[in-house]
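Comments concern the structure below.
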DNA sequence: CGTTAGCACTCGTATTATTCGACTGCTAAC
DNA sequence: GTTAGCAGTCGAATAATACGAGTGCTAACG
C-alpha cells in the first residue's frame, strides 16, 4: 500500500486538491501549469497512469483528466493531510460564537451544526448528548384531565422527559403529589433497577409509574435520533455531483433519517471517523463521504456530530472542524452535566 | 369571477384533476377519451380557449395541452372540491396509529408529519404546540460545577425548558434547593409579571433566577420554529416539477427554515389555509403550494402543521388530511394540557 | 533508465439540422 | 352553438458534425 514514490504522492495530492476545488477532472497539462513540478507533462502522465494502475485514480473516459477513486481519497486522508489543526483565528471565531450563545444545549447544537456546515461545505448533523445510564433526579405528576396525568422526569445530568399516564381510577392532585414526593425521597439518584428494588412493595398506581419510568429510561437508548439538528442541506445540494437526481435523493434521505449514525455510535469519543464513498456499508451513499465524531463524556453522556457531503469533500477542513467542534461540545457537556 | 358556465367548470375541474394525476399538459383529445362529455373535442377546445382567456389555464407552448394557472387552482380549491371529508377508513387508520403511540407529544408530532406526508404526497411540517402565556409550575436548580447551575422549569401545561446559570459566587446544592423551594411555594401558577411582583425583595441570586426565568418565558415567543418535525421531503423531490434545480432548492430551503410558518401563526385555529404558488408573498415558492392549519387551544397552546408540495398538489386529500390531523392534534393537546 | 517532445487517436460535449407528432386555432358546414 | 377537417406551430427526440481536451505511445535524448 505504501509503495508510492514521493513524487507519486505529491502528484496524487495535487490532483486531489485540485479536483476538490474545481470539481473538474484534472489533466496533466493543467496540473503542470498551476504547480511548478520541475518535470514535463509526459512524466506526469506516466505517473498518473501508474497511479491509475494502482487504483488511486480513474478516468471518466479516455479523453478526460484524472479523478480520485475512493482509495485515492483514503490515502489522501490518512497519509497526505496529516493532523491539521483549525487555524487559530477560526478557533477563536467559533469559540466566541459559542460563548455568545445562551447556556442551553439546544442552542449549542444548532450553532455546532451551523459551524460545521459552513466550514466543511457540507451538510451537518448534530445529535443531542444522550445520558447512558439514566438516574432519577426528580419526578413530578401533574393532573391534567380526569383520568390523565402528565409525568415529568428530570434525570441526573439534567435531561428532562415527559410522558402521559392514564389512570385506572380518578386521583386528585394531592394524591399525585404524595406519590411523587415518595418517589423523590426514596429513589433520587437510583437507576432503573434501583427504583424497582426500592419500590418493591408498590401500589398499583405506583407500579404504573414505575413501568412508565422504566420504559422511559430504557427507550432512552432507542431514540438517539430524536433530537437532531441539521444544517447546510440546501448548500450541499448545489454541488455539481448532486445534479444526478438519485444522488441528490440519497443525501436528502440520509439527512432525513440518518441511520448511519447508529453505526458510528460504537466508536470511542475523541476519534474522528472518515467514511469515504459509503465504504460498502451504505450503498446508496456511494457518492458521499462523511466525517463524524462522538462527543461528550464516555460512559456518561455522549452524542454524535459530523458532516455529510460529496466524496469530493474538503477533508482537511472537515476533519479539523469536526474535531474542534466535537472537543468544544465535549467541554460544554462536562460543564453542563459534569459532576 | 363566477362567470363560468357549468360546462366550463366541469371542463376546468377535469383538466385540473387529470393534470394533478399525470403531470402532463392536458389536450382536448385526451380529455375526451378519458371522460364522456357528450361533446366533441372542438367544443372542448373552444371552452379551453375561453378558460385561458379568463386566466384559469395556460399553454406551456402552442402545441401543448393546457395547464392550470394559480387562479385555476384557486377556483378549483374554493368552488369545485367542496368540503371533502377524509374517508372513514382512513380516519380510523390514522386514529388507530395515534392511539398506538406512546402518550407523548413528540411521538404524536412525528406521527402527524408522517401521516401528512404519506397522504398528501407532499412534504410535511409539524411544530410543537407553544404555550401562549406561560405560568410557572415548578422550578429546579441543580448544581453541576462549581459556578454553574442547571435550571429546569416546568410550566403550567407541562412544557419543560432548561437553561444554565452561572453563579457570581459558589453555592452548594442545599442553598440552591432552598431558593427553588421558595420560588415554588411563592410563585406557582404565576406568569412573568406575577413572579416579578411576588419576588419584589429578591436577593442578587434570586434576581438572576428571575431574569433567566423572564428571558425563558419571553423567548418562548421567539422560538416557534425550534421544535419542528418534518417528513416526506425525499418523496416530494421526486415529483417532476422539482427537476429544475432552483425549484428543488427552494423547497429544501423552505423545509429547512420554514419562515413562512410565522405568517400562518396569525390565522385562527380550525381553519385550513391554502396558499397556492406562494401567492406573491413568497416569491421563491412560486412553484409550490401549501396547506396549513393551526391546531391546539386558542389563547392557550397552539402549534402549526401542514404540507408543502408542488402547485400540482392533490388538494382534496391535502385539505381533508390537514384538517383531520389538526383536529386530532387539537384533541390531544386538550387532553395533555387541558384544564 | 528515467525523461521528454511529438503526434495520432479517443471520446464526450456542443452545435446544428432534421424529423416527428401532439395539439391548437380557424374555417366552413351542420 | 356545435362539429369535422385541416393547416400551422413548436417542442422533443434523433442524427450528423465539428471541436478540443487529454491520453498513450513511440522514439529520441542526456
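Checking each residue in the stretch A:155-193 for being touching a residue at least 12 places away in the same chain (Cβ under 8 Å) and part of a helix (DSSP H, G or I) picks out A:173, A:176, A:177, A:179, A:180, A:182, A:183, A:184, A:186, A:187, A:192.
Considering the conditions (1) touching a residue at least 24 places away in the same chain (Cβ under 8 Å); (2) surrounded by fewer than 16 Cβ atoms within 10 Å (Cβ to Cβ), residue A:121 is excluded by exactly one of them, (2).
Name the residue that is farthest from the other protein chains (Cβ to nearest Cβ), counting only residues in the stretch A:233-269 that are within 22 Å of residue A:75 (Cα to Cα) and modelled with pLDDT under 90. Ranking the candidates gives A:267 first.
When B:261, B:176 are checked against the criterion of being in contact with a strand residue (DSSP E or B) (Cβ under 7 Å, 6 or more places away or on another chain) and more than 30 Å from residue B:111 (Cα to Cα), a single residue qualifies: B:176.
Could you name every one of the helices (runs of 4 or more DSSP H) located completely within the stretch B:221-339 that has at least 1 residues being under 12 Å from the mean Cα position of the chain (by Cα)? Write out each step before concluding.
Working: elements: B:233-237, B:245-256, B:260-264, B:315-337.
It comes to B:245-256, B:260-264, B:315-337.
Criterion first (within 24 Å of residue A:233 (Cβ to Cβ), at pLDDT below 95 and touching a strand residue (DSSP E or B) at 6+ places or on another chain (Cβ under 6 Å)) does residue A:303 satisfy it? Steps first, please.
Values: within 24 Å of residue A:233 (Cβ to Cβ): yes; at pLDDT below 95: yes; touching a strand residue (DSSP E or B) at 6+ places or on another chain (Cβ under 6 Å): yes.
Yes.
The single condition from (1) out of contact with any strand residue (DSSP E or B) (no Cβ under 7 Å at 6 or more places or on another chain); (2) within 14 Å of chain A (Cβ to nearest Cβ); (3) in contact (Cβ under 8 Å) with a residue 24 or more places away in the chain that residue B:109 fails is (1).
Taking the conditions exactly as written (outside any helix (DSSP H, G or I), over 30 Å from residue A:321 (Cα atoms), within 16 Å of DNA strand D (Cβ to nearest atom) and more than 24 Å from the chain's Cα centre (by Cα)), does residue A:60 satisfy them or not? Yes: the conditions hold for residue A:60.
If the condition is being more than 10 Å from DNA strand C (Cβ to nearest atom) and either within 14 Å of chain B (Cβ to nearest Cβ) or on the phi > 0 side of the Ramachandran plot (or both), then the stretch A:23-39 contributes only A:23. Residues of the stretch B:151-183 that are under 21 Å from residue A:177 (Cα atoms) and more than 11 Å from chain A (Cβ to nearest Cβ): B:178, B:179, B:181, B:182, B:183.
Filtered by the rule that a residue be more than 13 Å from DNA strand D (Cβ to nearest atom), more than 14 Å from residue B:52 (Cβ to Cβ) and either over 31 Å from the mean Cα position of the chain (by Cα) or not in a loop (DSSP other than H, G, I, E, B) (or both), the stretch B:1-18 gives B:3, B:9, B:13, B:14, B:17, B:18. Do we find a residue being away from every other protein chain (no Cβ under 11 Å), out of contact with any strand residue (DSSP E or B) (no Cβ under 7 Å at 6 or more places or on another chain) and in contact (Cβ under 8 Å) with a residue 40 or more places away in the chain anywhere in the stretch B:270-286? Yes: one or more hits. Of all the criteria given as (1) within 23 Å of the chain's Cα centre (by Cα); (2) part of a helix (DSSP H, G or I), the one not satisfied by residue B:86 is (2). The residues on offer are A:74, A:121, and the sole one that is away from DNA strand C (no atom under 16 Å from the Cβ), closer than 30 Å to residue A:229 by Cβ and at pLDDT below 95 is A:121.
The values are calculated or read from the model by the stated rules, or taken from the named source; none is laboratory data. Keep in mind that what you see is a predicted model, and the values were worked out from it rather than measured. Virtual Cβ from ideal backbone geometry, glycine too; neighbours counted across all protein chains shown.
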